[in-house]
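Novice: I'd like to ask some things about the structure below.
The values are calculated or read from the model by the stated rules, or taken from the named source; none is laboratory data. Remember, it's a predicted structure, so these values are computed and weren't measured experimentally. Ligands, DNA and RNA are stripped out before the accessible areas are found, and what is left, the full protein with its side chains, is counted by its heavy atoms. Shrake-Rupley method; radii C 1.70, N 1.55, O 1.52, S 1.80 Å.
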Amino acid sequence: MLNFDYLKNIPELSELHRLCDLCEQRQSTEPDSSAINARKALEWLVKAIFMMKNEDVPERATLFTLTTSPIFLSLIHISE
């Protein structure tokens, strides 16, 4: 059993599971690919937080922009 298998049977999280699974499987053999998939999983999670809170995600927003926005910071209880 892999670390992210608990996500496998939740249809809404299938893409997150795919990214995390790729990251985990490739960590030893393809570390660059693993890091890219970890980054994509993080982006997926940050955008999911915005969507769960009914906030718009700007089309061309960067991960840095999203994670430093007042909206995101207030959602995770960090002040600016």
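Novice: Find the accessible area per residue for the chain; the probe is 1.4 Å, ligands and nucleic acids are left out, and the unit is Å². Numbers along the way, then the final one.
Specialist: Numbers: 5990 Å² over 80 residues.
The answer is 75 Å² per residue.
Novice: A further question on this structure: Here are several values of percent of Cα pairs over 22 Å apart: (i) 35; (ii) 20; (iii) 27. Which one was derived from the coordinates shown?
Specialist: Only one option fits the structure, namely (i).
Novice: Gain in length, T67 to D32, computed as 0.36 nm per residue apart minus the alpha-carbon separation, to one decimal in nm?
Specialist: Values: separation 35, 0.36 × 35 = 12.60 nm, distance 2.26 nm.
Residue separation times 0.36 nm, minus the Cα-Cα distance, leaves 10.3 nm.
Novice: Another question, if that's okay. For the stretch 1-71, give the percent of accessible area contributed by carbon and sulfur heavy atoms, probe 1.4 Å, rounded to a whole number. List each step's numbers first, then the result.
Specialist: On the way: 2900 of 5240 Å².
Ligands and nucleic acids excluded, carbon and sulfur reach 55 percent.
Novice: Relative contact order of the chain: what whole-number percent is it, with Cα pairs under 8 angstrom and at least 6 residues apart?
Specialist: Working: 56 pairs, mean separation 13.6, N = 80.
Normalised by residue count, the contact order of the chain is 17 percent.
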